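Laboratory data are not the source of any read-out in this text; all were calculated from the coordinates shown. None of these values were measured; they are calculated from a predicted model.
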Amino acid sequence: MTEIDVSQQEINISDKAADEIKRVMADNKIPQHFGLRMGVKGGGCSGFSYVLGFDEKANESDKVVETNGIKVYVDERSLPYLSGVVLDFQDGMTGRGFTFDNPNASRTCGCGHSFSA
């Protein structure tokens, strides 16, 4: 596992997203030492879809970033697609959920959960 210097973060989490992640962890009794697993997988209507989950520890080849009080684990394959991404959380009349502002996405789908690069 490789620690990324905070001054060179490649992944960012907004205040609203960090608050929601902490709420989800508390509501589901996920221990605070767990980190957020962020990745991409093939599929979705635009080619790739985002993956979020919780892991107790990073894998050997993961990049580890701490942003806004959240430890984030990203596998090497996903990192080029997520470099510079901002994870946000929206709670409004048009829907509720996490959103990704991804500078690497050349096209996104209407649902906001898949993209092409």
From the phi of every residue in the stretch 55-60, what ³J(HN,Hα) in whole Hz does the Karplus formula 6.51 cos²θ - 1.76 cosθ + 1.60 yield, where θ is phi - 60° and glycine or proline is x? 10, 5, 8, 6, 7, 3
List every residue whose amide H lies under 5 Å from the amide H of Ile11, counting only residues 5 or more places away in sequence or on a different chain, with H placed 1.01 Å from N in the peptide plane. Gly84
For the stretch 65-75, take each phi angle, set θ = phi - 60°, evaluate the Karplus expression 6.51 cos²θ - 1.76 cosθ + 1.60, and give the result in whole Hz per residue in order, putting x for glycine and proline. 10, 10, 9, 6, x, 10, 7, 10, 10, 10, 6
5 Å is the cut-off here: which amide hydrogens, built 1.01 Å from N in the peptide plane, fall below it relative to Gly47, excluding neighbours closer than 5 in sequence? Phe115
